[in-house]
Every structure is written in C-alpha cells, then in structure tokens.
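The values are calculated or read from the model by the stated rules, or taken from the named source; none is laboratory data. Everything numeric in this text was worked out from a predicted model, so none of it was measured. Every residue, glycine among them, receives a Cβ derived from its backbone with ideal geometry; neighbour counts consider all protein chains shown.
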Amino acid sequence: MGEYQLNCPACSEIIFSNDWLPQCSTHSGLLRAEYFTEQLTVRSNLPGMFRFIDWLPVQKPIQTDSRPVTFQCPPISKMLGLPNLWLTFTGWAPDFNCYAKTGSFKELEAYPTISRLSNLRDRTLVIASAGNTGRAFAQTAAETGVNVVLVIPESSVSSLWTISSNHENITLISVSGDYADAISVASKICSLDGYIPEGGAKNIARRDGMGTTMLDAAVTIGRIPDRYFQAVGSGTGGIAAWEASLRLMRDGRFGQTLPKLNLVQNQPFTPMASAWNRRSRTITAEDMPDADRSVSAVYSPVLTNRAPPYEISGGVFDAMTACGGDFHSVSNSDAKAAFKIFDEVTGVDLDPAAAVALAVLIQAAENKTIDSDETVVLNLTGGGYRRIAEDLGTVPIKVYENVPPEISLDKLRSILEVF
Ligand SMILES: *Cc1c(COP(=O)(O)O)cnc(C)c1O
Ligand SMILES: [Zn+2]
C-alpha cells in the first residue's frame, strides 16, 4: 500500500529519499509521488479516507471516519440549472454521511501527515495555521498522541478546539499579528532541535491527502469531472486536484481529460487570482495592494496566504496552465448570500471558504459560463460547525503563550524549554 517513487516536475529525475521533505538536488519544484499501483482499488474496509491508501504516501491507516463524500443535491442542481453537479463535502453533516469532526478538509491533510510521521515519532510537528489546519492537527494529535506545536494568529484563537479534552501533547502559541507572522514564528521554532515543519505544499502527504477529494468524486461519478471548483488560499487543493487527475488518467478507467480548474479567492485579498488573470507567473505587490488591510477584511481568513506555492515548478501556475479554467474572486456579500442559500436548502452551515466557492458557481450558472450538461464538482471544503457543537461538543485549546511576531529564537527556546 502506498508504495511510490518521487519525481521532480522540473527535470523528471527520480528521487529516492526518505527525508521528511525531500528535494531535487537542482530544483526547488514540488516533488510528486508516483505510486507503483497504477489502478486504484477503493478499500472501503479501511477507515475513512484511508480507503484511498493505494495513492497515499503512508504505510498504515489511522482510525478515523474522516473522508470526502461526493453526492448530488437535487435542489441545488435545480437552482443552478446544472443536473450534473456533484458536491464533494468534507465536514460534519450526518445527513450526508460526512463525519469530519473538526469540520474541514484540512483533516485530509492531517491524518496522512501524522501517519507518515510515524518513523519520526520523537519529533514535534510544527504547524502554522490560520485556524482550520491547526484544529485538524490538534484533533489528530489528541487521537494519536503525536506532539504538535500550533502557531496561529491571535485572531484565530477561538477556532482552535477539539472534540476531546485531551490536550496534553498540544502546544498552542498565538502571535499578535496575522497568518504571515504565524508562519514566520513557526519557521523559527523549526530551527530548534527536535522540531520539524509540517511543510505546506511540499508535504506530499498533504497534497495527496487533499487529492482524495478528486478521487472520491471520480470513483463516485465514474469519471474525472469537466470542472472542479474550490476556494483557495495556498492553492494546494488545486494542485492536488490536478495531480490526482493525472493519476486517474494513468489508471485508464476515468477518462483522459484533465478537469478545468475554477479556483476562487475572497475579495479584497486575491493575489493568485490577480496574478493569473494577467498570466503572470509571479505574484507582485500589485497583486495584493494594501495587503494588511485586505487580509483583515475578508469573510474567509483561511484564504489569506501571502506566499502561496504559485510560481514554484509543479505549483498553482503550472496546475492552471495544464488544466485550463479560470481564477475567480468574490465579494464578502456574495459569499454570505451563498452561505445563506446553502443553509436554507440543506441545513448545513458552510465554512466561509466553502461559501466563497459556492458563490462563484452561482455566478457562473447565472452568467451561463458553464454549459448545463457539464459534469461539475464543487469541493465544499468545510462546514457543519453548528452540528459539531451540538452532536460532539467542543473543547477550546488553551493558549500556552502569546508572542510578538519579532520574538527571538532564544525567547522561543526558553518558552518551549528546549535546552
Ligand atoms: C485551507 C482551506 C481552504 C483553502 O485550501 P488550499 O487548497 O490550501 O488553498 C479552503 N477551504 C477551507 C475550509 C480551508 O480550511
Ligand atoms: Zn529536478
């Protein structure tokens, strides 16, 4: 299960390495796992997302119910005039058989990452997060006993909870700053002995875990969809959808056409949409004017990555170039309207990011920019928080220490008691 070799997208070199975050010796591109099992067997006897273990870089499943679930929602299809619309949801919605306890598709990243970490058990995993990633890792850490340090902006403290009260191996550091400041504090911590970075897009377990969304959609529908809609901050989910589609094409049973990517950002912070729409491989200052203010003005804070893996080889620009499609942006008010519609129709409160993606699909349907016969997958990346609170109960994680963004390495060393 999950046996693979790594390929560099820039030179096609095959890389043999057991490093946590392996690199090509000459390029900085995102290495891609090429699984020896060409045809996917869905192992529905394995827990949750590990049904896709053939194409996950892990040896052993972790006990979980968390997985993406693909289904049709006739009232939404009818409203949008898209009979071949499929929703792939990762969140908590028992009515749709969705049981991701922290409510977002970041769990698809956390479980395989922690499974892959199993031979580095003596290390502490460091995760910078705007909220959802931290919560997913916190829950997984509570379930498995792996040690994690979570670094988050102060404003995200309320989104850090788990459904279990066992927080012994979780150290929560808040930063008086934004997500970019949390990333910089986390990278300082990673220079300390015994700490390793989660790795972001460079972590193949993260990408292939998120790619299970596309796998679940394809095995449910019977083919690779014509279009894939997702709200993006780092764009890793978009890269993952592309990579998963390439594997499905090699499998041979799901079609030979890549899905068009319809990726969405939340106005006014839209660096990737802006760069892509002028077909620039680099994101420059003009793509994120007044960044500090725009970051704090969005409805969906998890979409505010200032340094996404966009220009890197094998990254978002390459994914968009290979797949085609569009980079969109939507206003807070349109996203909030989409949230309300979905809540009224299904009773599920979407994560704001998922509402951002739905908003753009509503616009595309209204403007008739998609044909009514197209097979469309909308990745609903999170939601169901109301029911999580009711069904499971949530326990807030206590902040261990609040630190300023410019904190020194020595101070961090003494806070974490690394000597
Ligand atoms: C992180 C996140 C996104 C964006 O994911 P990327 O593919 O990493 O850009 C979208 N929706 C939710 C709910 C998220 O937590
Ligand atoms: Zn290379």
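Of the residues making up the range 22-42, those that are in a loop (DSSP other than H, G, I, E, B) and either within 19 Å of T88 (Cβ to Cβ) or within 15 Å of ligand 2 (Cβ to nearest atom) (or both) are P22, Q23, C24, S25, T26, H27, S28, G29, L30, L31, L40, V42.
Taking the range 85-96 only, how many residues are assigned to a loop (DSSP other than H, G, I, E, B) and not β-branched (V, I, T)? The qualifying residues number 1. For the range 262-281, taking the residues that are closer than 10 Å to G233 by Cα and either of a type in the set (V, I, T) or in a loop (DSSP other than H, G, I, E, B) (or both), the one that is nearest to the chain's Cα centre (by Cα) is identified as V264. K336 meets all of the listed conditions (1) in contact with a helix residue (DSSP H, G or I) (Cβ under 8 Å, 6 or more places away or on another chain); (2) surrounded by fewer than 24 Cβ atoms within 10 Å (Cβ to Cβ); (3) assigned to a loop (DSSP other than H, G, I, E, B) but one, namely (3). Each residue in the range 19-68 was checked for being within 16 Å of ligand 1 (Cβ to nearest atom) and aromatic (F, W, Y), and 0 of them qualify. Going by what's in this entry, would T41 be described as surrounded by 16 or more Cβ atoms within 10 Å (Cβ to Cβ), farther than 22 Å from A319 by Cβ and hydroxyl-bearing (S, T, Y)? Taking the combined requirement at face value, the residue does not satisfy it. Would you confirm, using the coordinates I've provided, whether G177 is among the small types (G, A, S) and under 18 Å from the mean Cα position of the chain (by Cα)? Here the answer is no, as G177 does not meet what is asked. Filtering the range 67-84 to residues that are under 26 Å from the mean Cα position of the chain (by Cα) and assigned to a loop (DSSP other than H, G, I, E, B) leaves R67, P68, Q72, C73, L82, N84. Considering every residue within the range 43-56, establish whether at least one is modelled with pLDDT of 95 or more, within 22 Å of D349 (Cα to Cα) and in a loop (DSSP other than H, G, I, E, B). Checking the range 43-56: not a single residue is modelled with pLDDT of 95 or more, within 22 Å of D349 (Cα to Cα) and in a loop (DSSP other than H, G, I, E, B). Residue selection: N367 satisfies the criterion of being polar (S, T, N, Q), at pLDDT below 95 and over 30 Å from K188 (Cα atoms). Among the listed residues F327, F339, which satisfies the condition of being aromatic (F, W, Y), within 14 Å of ligand 1 (Cβ to nearest atom) and under 22 Å from A201 (Cα atoms)? Exactly one residue qualifies, and that residue is F327.
Residue-by-condition table, conditions (1) within 27 Å of I370 (Cβ to Cβ); (2) in contact with a Ser or Thr (Cβ under 7 Å, 6 or more places away or on another chain):
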position	(1), (2)
V295	no, yes
V298	yes, yes
P308	yes, yes
I312	no, yes
D334	yes, no
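Filter the range 380-398 for residues that are among the aliphatic types (A, V, I, L, M) and touching a residue at least 24 places away in the same chain (Cβ under 8 Å); which is nearest to ligand 1 (Cβ to nearest atom)?
L380
Put simply, of I183, I152, I196 the only residue that is of a type in the set (A, V, I, L, M), within 20 Å of the chain's Cα centre (by Cα), within 28 Å of L30 (Cβ to Cβ) and buried (at least 24 other Cβ atoms within 10 Å of the Cβ) is I152. Of the residues that make up the range 112-132, is at least one over 17 Å from the mean Cα position of the chain (by Cα), aliphatic (A, V, I, L, M), in a loop (DSSP other than H, G, I, E, B) and on the phi < 0 side of the Ramachandran plot? For the range 112-132, residues over 17 Å from the mean Cα position of the chain (by Cα), aliphatic (A, V, I, L, M), in a loop (DSSP other than H, G, I, E, B) and on the phi < 0 side of the Ramachandran plot: absent. Of all residues in the range 1-21, those being of a type in the set (V, I, T) and within 9 Å of ligand 2 (Cβ to nearest atom) number 1. For the range 372-405, the set of residues classified as surrounded by 12 or more Cβ atoms within 10 Å (Cβ to Cβ) and in a loop (DSSP other than H, G, I, E, B) consists of S372, E374, T375, T381, G384, L392, T394, I397, V399, Y400, P404, P405, listed by residue number. The single residue among I388, I362 that is over 21 Å from the mean Cα position of the chain (by Cα), among the β-branched types (V, I, T), modelled with pLDDT of 95 or more and over 30 Å from H27 (Cβ atoms) turns out to be I362. Within the range 349-369, residues that are part of a loop (DSSP other than H, G, I, E, B) have Cβ atoms under 7 Å from residues that are acidic (D, E) and within 16 Å of ligand 2 (Cβ to nearest atom) in no pair, counting only partners at least 6 apart in sequence or on another chain.
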